[in-house]
Each structure stands twice: as structure tokens, then as C-alpha cells.
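J.: Structure below; questions to follow.
The values are calculated or read from the model by the stated rules, or taken from the named source; none is laboratory data. If you're wondering where the values come from, they're calculated on a predicted model, not measured in any experiment. Please note: Cβ atoms are built from the backbone with ideal geometry, for glycine as well, and neighbour counts cover all protein chains shown. We work out accessible area using only protein heavy atoms, side chains counted, and drop any ligands, DNA or RNA first. Shrake-Rupley method; radii C 1.70, N 1.55, O 1.52, S 1.80 Å.
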Amino acid sequence: AQSVTQLDSHVSVSEGTPVLLRCNYSSSYSPSLFWYVQHPNKGLQLLLKYTSAATLVKGINGFEAEFKKSETSFHLTKPSAHMSDAAEYFCVLGSGNTGKLIFGQGTTLQVKP
Amino acid sequence: EAGVAQSPRYKIIEKRQSVAFWCNPISGHATLYWYQQILGQGPKLLIQFQNNGVVDDSQLPKDRFSAERLKGVDSTLKIQPAKLEDSAVYLCASSAAGTGDSYNYGYTFGSGTRLTVV
């Protein structure tokens, strides 16, 4: 079965400190993995994706994620949080070769001044 | 390039009424998806089209939900009759590629229609 688990429903950091959003997955196939961000009343925006190339993936706005097959994880990091990073973040799994996306429950990132 | 257009942006209806949502994908995109996002949860796939054919509707509550994509372009999603638990944001997404290639080609999401059933 294909599934995604985001380990934290809410993460709070201070501006300028590192961000870590955790994601574990379960997949019978070689996974495609994504991180999307959703700002209030805005559409989903792709931050980065892993599709079996380099295991360390760099995305927009300074975010990056590392695919670790042995740990079935795809954690999202950023060295220094900015106020504009406050949003909902979704870890997403591509399901086999169907094109279907399986979303995690989401992690709300709060950035304090 | 124009994005994925959805209308209406907001809709409030009473339970047992019917409602329809419209989606116009990016021109030329073969694959179209409808997702349901209940407050506090991640989006869940309702139905996937490739051109005008249904690829996956296994999670569509077919007793009350229906969707079509005539001519393989725009799409409508209908709920009849609506229940309180249908309150959610309905997201439409499209991809230039077919099925599994979408992971490489990417997806574009619309801003969604927020449905409130009272």
C-alpha cells in the first residue's frame, strides 16, 4: 500500500533558525516524492521533487530535501526561516505509474519574529 | 501561460441541494484531476481523466458525485444531493503528460472552489 506520514502537524520556529519538516513514506514502487506549499487562500505550489535522480534535491526559496531509502524518509529542510515561509506544507507520494498523488496530512509551519 | 481556472471560488448551499464546479485546465494538458481537501487534511484524489476518458474514479462517491470531461478539455464536478461532510475545497489539477509521466512533467493546481454545506 502507498502512504505518506508527516510526523508533525505543527512546527514553530523563530525567524532565522533552521526548519525541519519530517516525512516518511511507504511504497511498493520506486517512489516519486514531492513537497508542496500552500499559503492561505492560495493554490498549491511545488517546492521540489525527487524522481529517482540525485537523492539530495534542491528546491525554490532555499528549501531542500534528502531522499533516504533505508529510512523511507524525505524530510524538508531550510537553513534559515523567513516570515514568508509561514504556510501549510504537504509531503506527497506519486503512486506507482498512475499519475495519482497521495498527500500527507500537512504540517503547519509557524515563523515567529 | 494561463493557469488552471476554476469557478466558482466560493459556494454555500444547504444540505440536499445540488452544486457544480467547473475547471478549465491549461491548454493542451491531457490529464486532469479533481481532488477534495477537507479542512485540516491533505487533498484526496476523487477522479482522474486522461483526455476524455476516466483513468481512476475509485474514491469518487458515485451515489452523489459525478464528473465529466467532454471533448477532453474542461471538466465539471457535480454533487447531488450534498451532505454536510462534503464541505471542503475542491481542487482541479492538470498535467501535460499522461499518467506516470506526470511525475516528471509536473502538475498545475487551480486555486480551488471552497464549498460550505449548511
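J.: Among all stretches of chain B without exposed trypsin sites (Lys or Arg not before Pro) (DSSP loop, at most 13 other Cβ atoms within 10 Å), which one is longest? Before the final figure, lay out the partial values.
T.: On the way: sites that count: B:Arg9, B:Lys15, B:Arg16, B:Lys62, B:Lys83.
In chain B, the maximal stretch lacking such sites is B:17-61.
J.: In Å, the Kirkwood hydrodynamic radius of segment B:19-97 over pairs of distinct alpha carbons?
T.: Every distinct Cα pair counted, the radius reaches 12.7 Å.
J.: Still on this structure, please answer the following. So if R0 is 41 Å, what FRET efficiency would B:Lys62 and A:Thr72 give, r being the distance between their Cβ atoms, rounded to the nearest 0.05?
T.: 0.75
J.: Beyond 30 Å between alpha-carbons counts as too far, so tell me which of A:Lys69/A:Lys100; A:Lys112/B:Lys11; A:Lys49/B:Lys15; A:Lys58/B:Lys62 fall in that bin. Walk me through the intermediate numbers first.
T.: Working: A:Lys69/A:Lys100 21 Å; A:Lys112/B:Lys11 34 Å; A:Lys49/B:Lys15 39 Å; A:Lys58/B:Lys62 40 Å.
Flagged as over cut-off: A:Lys112/B:Lys11; A:Lys49/B:Lys15; A:Lys58/B:Lys62.
J.: If you stretched the chain out fully between B:Lys44 and B:Lys83, how much longer would it get, using 0.36 nm times the residue separation minus the C-alpha to C-alpha distance?
T.: Between B:Lys44 and B:Lys83, full extension yields 12.3 nm more.
J.: Could I ask something else about it? With just the Cα atoms defining each centre, how far is segment A:1-39 from segment B:1-70? Give it in Å.
T.: After rounding, the separation between the Cα centres reads 25 Å.
J.: Give me the base-10 log of I(q)/I(0) for chain A at each q in 0.10, 0.13, 0.21 Å⁻¹, Debye formula, one uniform scatterer per Cα, rounded to two decimals.
T.: Debye output, listed in q order: -0.26, -0.44, -1.13.
J.: Dipole magnitude of chain B about its Cα centre, charges +1 at Lys/Arg Cβ and -1 at Asp/Glu Cβ only, in debye to the nearest 20? Don't skip to the end; give the middle numbers.
T.: Working: 12 positive and 10 negative charges, 85 e Å.
Around 420 debye, computed over chain B.
J.: Whenever you get a sec, compute what percent of the accessible area on chain A sits on carbon and sulfur atoms (1.4 Å probe).
T.: Ligands and nucleic acids excluded, carbon and sulfur give 50 percent.
J.: A further question follows. P(r) for segment A:1-52: what percent of alpha-carbon pairs falls in each 10 Å bin, starting at zero?
T.: Result returned by the calculation: 18, 45, 31, 6.
J.: For segment A:13-113, run through the chymotrypsin sites (Phe, Trp or Tyr not before Pro) and keep only the ones in DSSP coil with at most 13 other Cβ atoms within 10 Å of their Cβ. Don't skip to the end; give the middle numbers.
T.: Working: sites: A:Tyr25, A:Tyr29, A:Phe34, A:Trp35, A:Tyr36, A:Tyr50, A:Phe63, A:Phe67, A:Phe74, A:Tyr89, A:Phe90, A:Phe103; in loops: A:Tyr29, A:Phe63.
Answer in residue order: A:Tyr29.
J.: Follow-up. Taking each pair of different alpha-carbon atoms in the protein assembly as shown once, compute 1/r for the pair, average those values, and report the inverse of that mean as the Kirkwood hydrodynamic radius in Å to one decimal.
T.: One over the average 1/r among Cα pairs gives 18.1 Å for the protein assembly as shown.
J.: Here's a follow-up. Using R₀ = 25 Å, calculate the FRET efficiency as 1/(1 + (r/R₀)^6) where r is the Cβ-Cβ separation of B:Asp74 and A:Ile60; round to 0.05.
T.: FRET efficiency, B:Asp74 to A:Ile60: 0.30.
J.: Using R₀ = 22 Å, calculate the FRET efficiency as 1/(1 + (r/R₀)^6) where r is the Cβ-Cβ separation of A:His82 and A:Gln105; round to 0.05.
T.: 0.35
J.: A further question on this structure: What does the accessible area per residue of chain B come to in Å², with a 1.4 Å probe and no ligands, DNA or RNA counted?
T.: Details: 5650 Å² over 118 residues.
I get 48 Å² per residue for this part.
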